[in-house]
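Structure first, then comments.
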Amino acid sequence: MTISEKAKVTTERLEKFMDKHVYPNNNTYHQQIEDFGDNRWQVVPIIEDLKEEAKKEDLWNLFLPESDLGHGLTNAEYAPMCEIMGRAMWSAEVFNCSAPDTGNMEVLVRYGTDEQKKKYLEPLLEGKTRSAFAMTEPAVASSDATNITSEIKKDGNQYVLNGTKWWTSGAMDPRCAFYIFMGKTDPDNPDKHKQQSMILVDKDAPGIKIKRHLPVFGFDDAPHGHAEIEFNDVKVPPENMLLGEGRGFEIAQGRLGPGRIHHCMRTIGLAEVALEAMCKRLMSRKAFGKEVARHSVWQERIADARINIEMTRLLTLKAASMMDKVGNKVAKNEIAMIKVAAPNMALKIIDDAIQAYGGAGVTTDPRLAQAYAGMRTLRLADGPDEVHRLSIARNELKKYL
């Protein structure tokens with residue numbers, strides 16, 4: 001795997017930026033959210049301040065491998081940068097590299113019309129707005145996206161949307177300007193993968209109601225948040241349709257591959273932080289006459305953590321490299337494997353770190369509980385483990401048919 005000199009320099013500058021601006025402000029970020037009180041859905045001042053610093057240092061929109069709107073980095077070059085950002089769960093937004101905006105921007109770059117790019121993409125690229133992706137539904141098993149029942153019906157010179165979505169991440173952010181909405185335009189099509197379409201919907205369109213925010217193990221993930229949203233006879237102009245009717249699955253596959261790489265590399269960064277916290281805690285405490293770190297059970301756990309981080313990182317980099325060289329479709333097996341491996345690996349290490357901290361581990365003090373909640377959720381996001389494992393097994397069995 002070849003890494004360009006530009007990527008090496010950018011990675012070094014990103015690491016220096018994190019050391020200078022992000023890590024020292026970790027407590028500031030969390031304190032500012034706490035200072036919001038009951039109205040936690042506000043823009044965090046430190047994020048906006050650091051965005052300006054990131055722009056000045058040319059650390060902005062680092063993704064978009066197939067577009068000149070980004071830095072021109074390959075997936076393999078960008079993946080280690082995601083790992084660095086993953087060391088502080090909130091930092092990706094500082095560089096305009098946070099989900100779901102990155103995925104939505106990639107959709108608009110690949111499939112958007114010039115008019116759609118001007119209205120929706122440009123403000124996202126500038127960091128002026130945020131967005132959400134409305135796909136999952138509470139009434140069906142959305143792990144099989146053909147189950148989705150939301151309607152996109154043509155009515156004269158407009159589309160009318162009806163349905164209920166949930167886990168629409170980012171919808172609670174006051175800067176969220178639009179949703180990418182997935183629903184059925186042709187429910188009777190014999191090809192179930194051509195029944196669905198995706199369409200751009202302004203957040204303030206009449207008929208949209210945010211029913212509630214959805215906490216994750218008690219964490220509200222403010223100011224980003226996740227929402228359950230009702231769409232009741234929401235009227236959308238035809239020019240907001242993405243790519244064309246019946247092409248929703250095609251868009252989804254193009255969108256989710258890179259997003260999974262980003263998630264997995266950020267997960268590795270978070271696992272590194274958890275391992276570091278665990279080691280420091282174990283070395284700072286004594287039990288039964290010696291440092292806890294000297295007990296063999298903990299040395300085994302530390303060794304396993306390092307082994308599993310390294311294996312997962314290499315598998316993720318292999319998937320990223322394949323995406324660059326042979327495309328997302330050919331690399332789908334490797335993408336599925338990392339999507340299963342990374343969050344499960346991180347969960348085990350975070351769980352061990354919580355154990356090392358004892359009672360303190362389950363409080364909010366070391367922030368391990370929130371990290372655990374996020375990683376547990378990632379086993380469901382962008383497709384649950386079971387779906388990815390099914391795909392991996394089928395591809396394996398094909399070798400013997």
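Worth pointing out:
- Taking the criterion of being free of Cβ contacts under 8 Å to residues at least 12 places away in the same chain and either more than 20 Å from Leu347 (Cα to Cα) or of a type in the set (Val, Ile, Thr) (or both), the residues of region 286-324 that qualify are Lys286, Ala287, Phe288, Gly289, Lys290, Glu291, Arg294, His295, Ser296, Val297, Ile307.
- Residues of region 8-45 classified as touching a His at 6+ places or on another chain (Cβ under 9 Å) and under 18 Å from Asp221 (Cβ atoms), total: 1
- Residue in region 303-326 that is more than 30 Å from Asn395 (Cα to Cα) and surrounded by fewer than 17 Cβ atoms within 10 Å (Cβ to Cβ) present: yes
- Of the listed requirements (1) closer than 24 Å to Ala132 by Cα; (2) modelled with pLDDT of 95 or more, Gly358 misses just one: (1).
- The set of residues from region 178-203 being touching an Asp or Glu at 6+ places or on another chain (Cβ under 7 Å) and assigned to a strand (DSSP E or B) comprises Phe178, Gly183, Lys184, Ser197.
- Residue in region 22-57 that is surrounded by the fewest Cβ atoms within 10 Å (Cβ to Cβ), counting only those that are farther than 18 Å from His224 by Cα and of a type in the set (D, E, K, R): Lys56
- On the stretch given as region 149-177, residues that are assigned to a loop (DSSP other than H, G, I, E, B) and in contact with a Ser or Thr (Cβ under 6 Å, 6 or more places away or on another chain) total 1.
- Complete set of residues in region 149-174 that are among the β-branched types (Val, Ile, Thr) and either buried (at least 22 other Cβ atoms within 10 Å of the Cβ) or in contact with a helix residue (DSSP H, G or I) (Cβ under 9 Å, 6 or more places away or on another chain) (or both): Ile152, Thr168
- Index of the failed condition, Trp166 passing every other in (1) outside the structural domain of Lys203 (by TED's automatic domain parsing); (2) in contact (Cβ under 8 Å) with a residue 60 or more places away in the chain: (1)
- Any hit, region 68-83, residues being free of Cβ contacts under 8 Å to residues at least 60 places away in the same chain, aliphatic (A, V, I, L, M) and more than 19 Å from Val273 (Cβ to Cβ): yes
- Look at (1) touching a helix residue (DSSP H, G or I) at 6+ places or on another chain (Cβ under 8 Å); (2) surrounded by fewer than 20 Cβ atoms within 10 Å (Cβ to Cβ) and you find that Met265 fails only one, number (2).
- Selection count where residues are touching a residue at least 60 places away in the same chain (Cβ under 8 Å), in a helix (DSSP H, G or I) and surrounded by 13 or more Cβ atoms within 10 Å (Cβ to Cβ), scope region 207-252: 5
- Residues that are in contact with an Asp or Glu (Cβ under 9 Å, 6 or more places away or on another chain) and in a helix (DSSP H, G or I) within region 4-13 comprise Lys6, Ala7, Lys8, Thr10, Thr11, Arg13, listed in sequence order.
The values are calculated or read from the model by the stated rules, or taken from the named source; none is laboratory data. Since the model is a prediction, treat every value here as computed from it, not as a measurement. Don't worry about glycine lacking a Cβ; one is built from the backbone with ideal geometry, like all the others, and counts go over all protein chains shown.
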